[in-house]
Amino acid sequence: MRYHYHSGVKKKQSGKGMWVIFPIIALLGGGYMLVNTLAPSVEIFSEPADATAKRLVAQQPALSENRLYVPKVNIDVAIVDINGDEAAALEKGAVHRAAVNGNPKDGGNYVLAGHRFQLGLLPSQTRKKSPFYHIDQLQKGDQVYVDYEGTRYAYEITERKLVKPDAVEIEERTTESQLTIYSCELTGPKDGREVVIAKPVGTIAWVDGQPKLKTLN
């Protein structure tokens with residue numbers, strides 16, 4: 001109760017309503033943050049396991065865009081040139097690092113780097129911004145495909161390793177043609193980088209509307 005000389009005795013307004021609302025808002029916000037953070041690893045937010053494989057069969061490479069495909073972990077992402085702003089390029093897909101050191105057409109070491117985990121406003125955005133989230137699941141023998149300047153190149157993984165953050169040698173030019181894909185550890189760049197090395201096995205040609213591997217031999 002409180003007293004005012006004009007109106008007399010009044011009941012003091014209670015703030016109990018706000019004490020109920022705030023915990024509810026905090027609980028909902030925390031739940032949404034948890035769902036958003038787990039989006040790349042939760043199946044309900046993921047495409048069917050064979051989605052990338054089906055696209056590889058249905059879609060031929062386009063001259064207008066280079067892309068990286070890893071069917072085993074459903075990686076299907078644009079390959080972007082840095083053009084002076086690597087942070088902006090990484091928001092669009094996998095970046096072509098150390099471009100002078102190689103590409104699928106001319107040989108050398110074709111180096112692609114991308115985000116392991118990047119939080120978005122929505123679970124779908126978090127998944128899109130975290131293309132290499134499952135890079136640690138790749139193994140020797142897994143298939144990788146690259147669309148480069150209108151040609152689809154096929155690779156086979158020969159090695160996966162964890163290196164230190166300052167292991168710049170992974171970007172160096174190689175005598176033989178290879179593909180190097182890397183991303184930081186989930187716990188952060190300071191804990192190292194997951195690196196995948198793949199060797200070329202041929203190119204994909206379309207025969208009667210179906211993709212066929214043209215081997216290097």
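For first residues located in region 148-163 and more than 13 Å from Thr203 (Cβ to Cβ), partners that are buried (at least 18 other Cβ atoms within 10 Å of the Cβ) and hydroxyl-bearing (Ser, Thr, Tyr) and lie 6+ apart or on another chain with Cβ distances below 9 Å form the pairs Val163/Tyr182.
Annotation: Thr158 fulfils all but one of (1) over 20 Å from Asn66 (Cβ atoms); (2) polar (S, T, N, Q); (3) under 19 Å from the mean Cα position of the chain (by Cα); (4) surrounded by 12 or more Cβ atoms within 10 Å (Cβ to Cβ); the unmet one is (3). Pairing each residue of region 91-119 that is on the phi > 0 side of the Ramachandran plot with any residue that is hydrophobic (A, V, I, L, M, F, W, C), provided the two are 6+ apart or on different chains, yields C-beta distances under 7 Å for Gly93/Val77; Gly93/Ala78; Gly93/Ile79; Gly93/Val80; Ala98/Val111.
Counting just the residues of region 178-209 that are among the acidic types (Asp, Glu) and over 12 Å from Glu159 (Cα atoms), which one comes out modelled with the lowest pLDDT?
So the first thing to find is which residues in region 178-209 are among the acidic types (Asp, Glu), and the list is 185, 191, 194, 208.
Subset that is over 12 Å from Glu159 (Cα atoms): 185, 191, 208.
Working: Glu185: 90, Asp191: 90, Asp208: 85.
Among residues in region 178-209 that are among the acidic types (Asp, Glu) and over 12 Å from Glu159 (Cα atoms), the one modelled with the lowest pLDDT is Asp208.
Taking the condition farther than 17 Å from Pro71 by Cα and surrounded by 15 or more Cβ atoms within 10 Å (Cβ to Cβ), does His134 pass? When the stated conditions are applied, His134 does not pass them.
Take Ala167 and tell me if it is of a type in the set (A, V, I, L, M) and buried (at least 20 other Cβ atoms within 10 Å of the Cβ). No: the conditions fail for Ala167. Of the candidates Gln143, Gln139, the single residue that is modelled with pLDDT of 95 or more, over 23 Å from Glu65 (Cα atoms) and either surrounded by fewer than 20 Cβ atoms within 10 Å (Cβ to Cβ) or of a type in the set (Asp, Glu) (or both) is Gln139.
Output the number of residues of region 43-75 satisfying the condition of being at pLDDT 90 or above, charged (D, E, K, R) and either part of a loop (DSSP other than H, G, I, E, B) or out of contact with any Asp or Glu (no Cβ under 8 Å at 6 or more places or on another chain) (or both). Number of matching residues: 2.
The values are calculated or read from the model by the stated rules, or taken from the named source; none is laboratory data. For clarity, every value in this text was computed on a predicted model and none was experimentally measured. All Cβ positions, glycine included, derive from the backbone under ideal geometry; neighbour counts span all protein chains shown.
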